[in-house]
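What follows is a set of notes on a single structure, which appears directly below.
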Amino acid sequence: MTTTVPTPAGRDLRVAVPLRQELLPDVEKLFGQLPPLNVTRMFANTGDMAEAVLGLVRAIFTAEGVDPRLREILTLRTAWILRVPYEWEANVPMARNVGVTDADIARIATDGPVTGLDATANLICQATDEITNDVAVSDVTLQDMLAVFGPTLTTKYILEISWFNLLSRFLASTRVPIDQGAPTSDRNSPV
């Protein structure tokens, strides 16, 4: 199964992804412990903001109680809605590594509401759709999330969805090129 996000036309100009030797020494040290993904190198390009960005990335991927499968589902859903090939390509292998099946991926890659996943995954997709398209979850979706996850996990999932919206928009705007050689194929996260 090869579902791919269409690449937007007319995006030849891009922010250059810095080489490790071009980074400030303290930033290079910070990012030297991560896999050499184009996205992390682009984060390193933010200079004095890099440490805070990396801290948030670590928090997103290590948050207590957040189901890695649901995190990858909401990540793919965001990438699909916003048409961000980098995010899609990087996360399909990680999603598979945490139990998202090819059938699930095909269901996520729809232009309408996601159905056919389990009830909790469908709810996460609904919340992702609402935040991504309408800025915020509806009262009904928030009520359902609170009933399923409670206040702390609901807040974490809303932050996760919001982060992947920010990340997708960052990737699309800087035009980070897709990594070659499937560097995330054996990973559950980039950290």
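Per-structure values
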read-out: Boolean, Val57 is touching a residue at least 40 places away in the same chain (Cβ under 8 Å), within 30 Å of Asn122 (Cβ to Cβ) and among the β-branched types (Val, Ile, Thr); value: yes
read-out: Residues that are at pLDDT below 75 and either of a type in the set (A, V, I, L, M, F, W, C) or outside any loop (DSSP other than H, G, I, E, B) (or both), drawn from the range 1-20; value: Met1, Val5, Ala9, Arg20
read-out: Residues located in the range 47-74, provided they are surrounded by 20 or more Cβ atoms within 10 Å (Cβ to Cβ) and either at pLDDT below 90 or closer than 26 Å to Val15 by Cα (or both); value: Ala50, Leu54, Ile60
read-out: Residues (charged (D, E, K, R) and either in contact with a helix residue (DSSP H, G or I) (Cβ under 7 Å, 6 or more places away or on another chain) or on the phi > 0 side of the Ramachandran plot (or both)) located in the range 42-60; value: Glu51
read-out: Residue count for the range 47-75, restricted to those that are assigned by TED's automatic domain parsing to the domain that holds Pro93 and either touching a strand residue (DSSP E or B) at 6+ places or on another chain (Cβ under 8 Å) or closer than 18 Å to Val176 by Cα (or both); value: 1
read-out: Test for Leu159: is it under 14 Å from the mean Cα position of the chain (by Cα), exposed (fewer than 14 other Cβ atoms within 10 Å of the Cβ) and outside the structural domain of Gln33 (by TED's automatic domain parsing); value: no
read-out: Flag if Leu13 is surrounded by fewer than 16 Cβ atoms within 10 Å (Cβ to Cβ), out of contact with any Leu (no Cβ under 9 Å at 6 or more places or on another chain) and over 20 Å from Gln180 (Cβ atoms); value: yes
read-out: Test for Asp179: is it in the same structural domain as Ala90 (by TED's automatic domain parsing), acidic (Asp, Glu) and out of contact with any His (no Cβ under 6 Å at 6 or more places or on another chain); value: no
read-out: Residue check for Asp144: touching a helix residue (DSSP H, G or I) at 6+ places or on another chain (Cβ under 8 Å), part of a loop (DSSP other than H, G, I, E, B) and more than 17 Å from Trp80 (Cβ to Cβ); value: no
read-out: Helices (runs of 4 or more DSSP H) lying entirely in the range 75-138 (those with 1 or more residues that are touching a residue at least 60 places away in the same chain (Cβ under 8 Å) and of a type outside the set (A, V, I, L, M, F, W, C)); value: 85-97, 102-108
read-out: Tally, over the range 27-46, of residues that are more than 19 Å from Asp179 (Cα to Cα) and surrounded by fewer than 12 Cβ atoms within 10 Å (Cβ to Cβ); value: 1
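Residue by residue, here is whether (1) of a type in the set (A, V, I, L, M, F, W, C); (2) under 24 Å from Phe149 (Cβ atoms) holds:
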| residue | (1), (2) |
| --- | --- |
| Glu28 | no, no |
| Pro36 | no, no |
| Met49 | yes, no |
| Leu56 | yes, yes |
| Glu89 | no, no |
| Ile105 | yes, yes |
| Thr110 | no, yes |
| Gly116 | no, yes |
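The values are calculated or read from the model by the stated rules, or taken from the named source; none is laboratory data. Everything numeric here is computed off the predicted structure, so don't read it as measured data. No Cβ is skipped: glycine too gets one built from the backbone with ideal geometry, and neighbour counts run over all protein chains shown.
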